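The values are calculated or read from the model by the stated rules, or taken from the named source; none is laboratory data. Since the structure is predicted, the reported quantities are computational estimates derived from the model, not experimental observations. Methodologically, a virtual Cβ is constructed for each residue, glycine included, from the backbone with ideal geometry; neighbour enumeration extends over all protein chains shown. Just so you know, the surface numbers come from the protein's heavy atoms only, side chains and all, with ligands and any DNA or RNA stripped out. Shrake-Rupley method; radii C 1.70, N 1.55, O 1.52, S 1.80 Å.
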Amino acid sequence: LATHYGVAPAAMGVAVNASTFGMAASGLGVALFSARINRRQGIMWSLLLLSVPTLLLAHAPDLTTFTALRVAQGVLMAAAFTLTLAHLGERCTQRVAAGAFAAYITGNVASNLIGRLFAAGLVDNFGLATNFYVFAALNAAFLEDGVHVAIPEGAVLTQPIQVVVVTMPEEAPATRTG
């Protein structure tokens with residue numbers, strides 16, 4: 001990125017991490033207005049709108065534009081995260097809330113790591129713009145599933161979620177008959 005924009009790595013580091021400023025502002029905004037925000041709709045709109053600055057990053061002409069788009073991404077990411085945690089808190093009993101929060105945060109951390117590795121491969125093989133196109137598309141593509149699969153509207157989780165691992169038996173070696 002520093003090479004692409006012709007800036008020092010330190011300047012690019014600040015621009016890339018500008019999303020943190022947006023996250024801080026967004027967290028405060030959600031805290032102040034959370035009573036008026038429908039959780040599920042807020043999550044959906046935040047994720048859908050997150051696709052816009054992500055897509056625009058593919059064509060950011062300069063470092064200032066790049067930085068502003070990263071701030072916008074931070075605002076929308078933090079709104080989705082904060083509203084999701086609020087939604088979980090409202091839908092889980094006290095007995096299962098800690099596990100639900102931990103699972104959600106672990107999923108976010110893991111997806112961040114996997115996303116960074118995937119992005120590195122995309123940039124190396126297909127270029128910077130393609131990276132932003134792919135992530136904008138992924139935001140929009142998985143939006144519906146993420147909002148509706150998590151907890152059905154009106155449901156309350158009273159039992160810890162059980163994780164079931166399904167394994168397929170190894171294929172038996174082919175045998176000759178006759």
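Those residues that are aliphatic (A, V, I, L, M), buried (at least 18 other Cβ atoms within 10 Å of the Cβ), part of a helix (DSSP H, G or I) and under 20 Å from the mean Cα position of the chain (by Cα), I need them from segment 1-35; list them, please.
Narrowing segment 1-35 to residues aliphatic (A, V, I, L, M): 1-2, 7-8, 10-12, 14-16, 18, 23-25, 28, 30-32, 35.
Next, from what is left, pick out any that are buried (at least 18 other Cβ atoms within 10 Å of the Cβ): 12, 15, 18, 23, 30.
Now narrow it down to the ones that are part of a helix (DSSP H, G or I): 12, 15, 23, 30.
Within segment 1-35, ALA15, MET23, VAL30 meet the criteria.
One residue stands out in segment 80-129 among those that are of a type in the set (S, T, N, Q) and either farther than 30 Å from ALA60 by Cα or in contact (Cβ under 8 Å) with a residue 24 or more places away in the chain (or both): the one that is least open to solvent (accessible area, probe 1.4 Å), namely THR84. Any residue in segment 61-69 that is under 21 Å from HIS4 (Cβ atoms) and open to solvent by less than 30 Å² (accessible area, probe 1.4 Å)? Yes, because at least one residue in segment 61-69 is under 21 Å from HIS4 (Cβ atoms) and open to solvent by less than 30 Å² (accessible area, probe 1.4 Å).
Please indicate, with yes or no, whether at least one residue in segment 36-52 is open to solvent by less than 40 Å² (accessible area, probe 1.4 Å), in a helix (DSSP H, G or I) and without any contact (Cβ under 8 Å) to a residue 24 or more places away in the chain. Looking through segment 36-52, none of the residues is open to solvent by less than 40 Å² (accessible area, probe 1.4 Å), in a helix (DSSP H, G or I) and without any contact (Cβ under 8 Å) to a residue 24 or more places away in the chain.
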